[in-house]
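The values are calculated or read from the model by the stated rules, or taken from the named source; none is laboratory data. If you're wondering where the values come from, they're calculated on a predicted model, not measured in any experiment. Cβ sites come from the backbone with ideal geometry, for glycine too, and all protein chains shown count toward neighbours. SASA here: full protein model, heavy atoms, side chains in, ligands and nucleic acids out. Shrake-Rupley method; radii C 1.70, N 1.55, O 1.52, S 1.80 Å.
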Amino acid sequence: MAKEHKKISALEIFKRAVFITIGSVLMGVSLELFLVPNDVIDGGITGISIMVSELTHLPLGLFIFILNIPFLFIGFKQIGKTFAVSTLYGIAVMSITTQLLHHVHAFTEEKLLAVLFGGIILGAGVGLVIRFGGSLDGTEILAILASKKFGMPVGQIIMIVNVFIFVLAGFVFEWNSAMYSMVTYYLATKVMDIVVEGIEESKSVTIISSAYEEIAETIMTRLGRSTTYIQARGGYSREETQMVYCVVSRLEVAKLKAIVHDIDTRAFIAIENVADVQGGGFTKKSIH
């Protein structure tokens, strides 16, 4: 039986509201004090809003809010009420921030500095909002729905949409601005990933060896990491065996490889990136 949705506590709502507010304000600051004054745009609905604002000379915040409304309705239907409300609040705060800062002089008129600092602040703001359950751009909602219909990865759809937007930016502004915008978007995406996933990147490791017990015990003793046995069967040999699975920090990967190779030079090791690790006793234990 599926567990019913647990009501969010008042403290959790307050926490989300605070961080979504901070993230939304950061994005507004990035747009009005760094990017827009230097004819550099963001991707997605925000990028379209910037271009429409440039052509009509109407407030940027107005278009950001209006153009995102249809996607908010879709998000409410397809993703959930909490996400839609968090996104609506974030977009409203960002729109108000851009309006309040519209007549404030830009921090810098040096385009490269605007791209670097604007991209970093933009990525940090968007990352905070996503981390706490919202979004600041309807393109992501559109990409999720299109992915279900056409079977394409969400990231690939977002990339195609943004390439089209940056090409349009070349006609609205100039091609140098379009290229600077691409660099800004790339930088913001990388910073956003760091904020959402964290700086300390973990690695999941799967080891196949006949000496699995010795390897598992040595990993626990010398690295202080818990291990798990996974029942497996060889596709060619048809022999039953156990795989050793564990999660380590990226700084421990080299030592783990050395441990395994000291025991079995023919052991199979597969290492993958892990975006987030919670529970399961991941905390490192004392080693000796």
Expressed as a whole-number percentage, the relative contact order of the chain with C-alpha contacts under 8 angstrom and at least six residues apart is 20 percent
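Rounded, prolate or oblate: which fits the stretch 23-71, taking a ≥ b ≥ c as square roots of the Cα gyration tensor eigenvalues, rounded meaning a/c under 1.5, else prolate when a/b beats b/c?
Numbers: a/c = 1.71, a/b = 1.15, b/c = 1.48.
Note, shape of the stretch 23-71 comes out oblate.
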Relative contact order (%) - criterion: Cα under 8 Å, at least six apart; region: the stretch 114-256
24 percent
May I ask for the percentage of alpha-carbon pairs in the chain that lie more than 31 Å from each other?
44 percent
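Per residue, how big is the convex hull around the C-alpha atoms of the stretch 1-155? Give it to me in cubic angstrom, could you? Show your work: numbers first, answer last.
Details: hull volume 19.2 nm³, N = 155.
Expressed per residue, the convex hull around the Cα atoms of the stretch 1-155 is 124 Å³.
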Using alpha carbon centers only, the stretch 228-247 is separated from the stretch 6-68 by a whole-angstrom value of 49 Å
For the chain, what is the calculated [θ] at 222 nm in deg cm²/dmol (nearest 500), taking -39500 (n - 2.57) for each run of four or more DSSP H residues and dividing by its residue count?
-20000 deg cm²/dmol
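In debye, nearest 20: dipole of the stretch 1-106 around its Cα centre with unit charges on the Cβ of K, R (+) and D, E (-)?
Working: 7 positive and 6 negative charges, 147 e Å.
Charge dipole of the stretch 1-106: 700 debye, to the nearest 20.
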Lys/Arg Cβ at +1, Asp/Glu Cβ at -1, dipole of the chain taken about the Cα centre: which of 249, 102, 126 is farthest positive-ward?
249
Given charges of +1 on the Cβ of Lys and Arg and -1 on the Cβ of Asp and Glu, with all other atoms neutral, how large is the dipole of the chain about its Cα centre, in debye to the nearest 20?
880 debye
Quick one: how many Å² of residue 152 are accessible to a 1.4 Å probe, rounded to 10?
60 Å²
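If a/c stays under 1.5 just call it rounded; otherwise compare a/b with b/c (prolate if a/b is bigger, oblate if not). Do that for the stretch 100-204, with a ≥ b ≥ c from the square roots of the Cα gyration tensor eigenvalues. Can you show the working numbers first?
Numbers: a/c = 1.84, a/b = 1.24, b/c = 1.48.
Oblate.
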So, in nm, how far is label residue 8 from label residue 258 when the simple model puts each one 7 Å beyond its Cα toward the Cβ?
4.6 nm
So, for the chain, what is the accessible surface per residue at a probe of 1.4 Å, expressed in square angstrom?
58 Å²
